[in-house]
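> My questions will all concern the structure given below.
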Amino acid sequence: MKRVEPKIASMVRSIVEPMGYECVGVEHDSSSSGGAILRVYIDHADGIGLDDCEAVSHQLSGALDVADPIAGQYDLEVSSPGLDRPLFELAHFSRFAGARARVRLLDKLDGRRRFDGRIAGVDADTVLLDVDGGQVALPFDRIESARLVPEF
């Protein structure tokens, strides 16, 4: 999770949610070789199409231009979360309990940063993941990124 400042995430949510979409999450990637990107993931019970992304992008662009909450140049990217949906909040881990996920930590825990397993649930501020026949407790504040792993 390339976390954005809470005020930016809040601003994005205040525009996206009244339009009838779920704001899954917001990332700011300044390490991209093509320049900085503000990535907004949206979802809807009926799915997300190109028209949905365009409508949200149009609304967000105007608001971001006026508020100017991010220093420097960046591209705005609005998309569906896809099959490998990113997990931004503890509530996302609870919602997708039982699903397979790939989690990367900011620093090592028990000698490793990457974990691949089934989401067993959430306990306070900790994500429980069944990995390699055991369960690991991953502190939420140490998670750098997490995504569901599609299973077919």
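> Does LEU138 satisfy the criteria of being more than 20 Å from ARG85 (Cβ to Cβ), under 19 Å from the mean Cα position of the chain (by Cα), not assigned by TED's automatic domain parsing to the domain that holds VAL26 and not β-branched (Val, Ile, Thr)?
Against the criterion (more than 20 Å from ARG85 (Cβ to Cβ), under 19 Å from the mean Cα position of the chain (by Cα), not assigned by TED's automatic domain parsing to the domain that holds VAL26 and not β-branched (Val, Ile, Thr)), LEU138 does not qualify.
> Answer yes or no: is there a residue in the stretch 53-64 that is more than 15 Å from VAL16 (Cβ to Cβ) and either surrounded by 14 or more Cβ atoms within 10 Å (Cβ to Cβ) or at pLDDT below 95 (or both).
For the stretch 53-64, residues more than 15 Å from VAL16 (Cβ to Cβ) and either surrounded by 14 or more Cβ atoms within 10 Å (Cβ to Cβ) or at pLDDT below 95 (or both): absent.
> Answer yes if at least one residue in the stretch 66-79 is of a type outside the set (D, E, K, R), within 30 Å of GLY121 (Cα to Cα), in contact with a helix residue (DSSP H, G or I) (Cβ under 7 Å, 6 or more places away or on another chain) and in contact (Cβ under 8 Å) with a residue 24 or more places away in the chain, and no otherwise.
yes
> Need a quick list: strands (runs of 3 or more DSSP E) entirely within the stretch 77-152 having at least 1 residues that are among the β-branched types (Val, Ile, Thr) and farther than 13 Å from GLY25 by Cβ.
100-109, 112-123, 126-131, 134-139
> May I pose another question? Let me spell it out: the conditions are (1) of a type outside the set (A, V, I, L, M); (2) within 21 Å of ILE42 (Cα to Cα); (3) in contact (Cβ under 8 Å) with a residue 24 or more places away in the chain, and GLY121 meets all of them except one. Which number is the exception?
Every condition holds for GLY121 apart from (2).
> Then there is this: Under 25 Å from ALA101 (Cα atoms), among the hydrophobic types (A, V, I, L, M, F, W, C) and in a helix (DSSP H, G or I): is that true of ALA45 in this structure?
no
> For the condition surrounded by 13 or more Cβ atoms within 10 Å (Cβ to Cβ) and either more than 18 Å from the chain's Cα centre (by Cα) or at pLDDT below 95 (or both), what is the one hit in LEU109, LEU105, LEU87?
When all the criteria are applied, what remains is LEU109.
The values are calculated or read from the model by the stated rules, or taken from the named source; none is laboratory data. Keep in mind that what you see is a predicted model, and the values were worked out from it rather than measured. Glycine also receives a Cβ, built like all others from the backbone with ideal geometry; neighbour counts cover every protein chain displayed.
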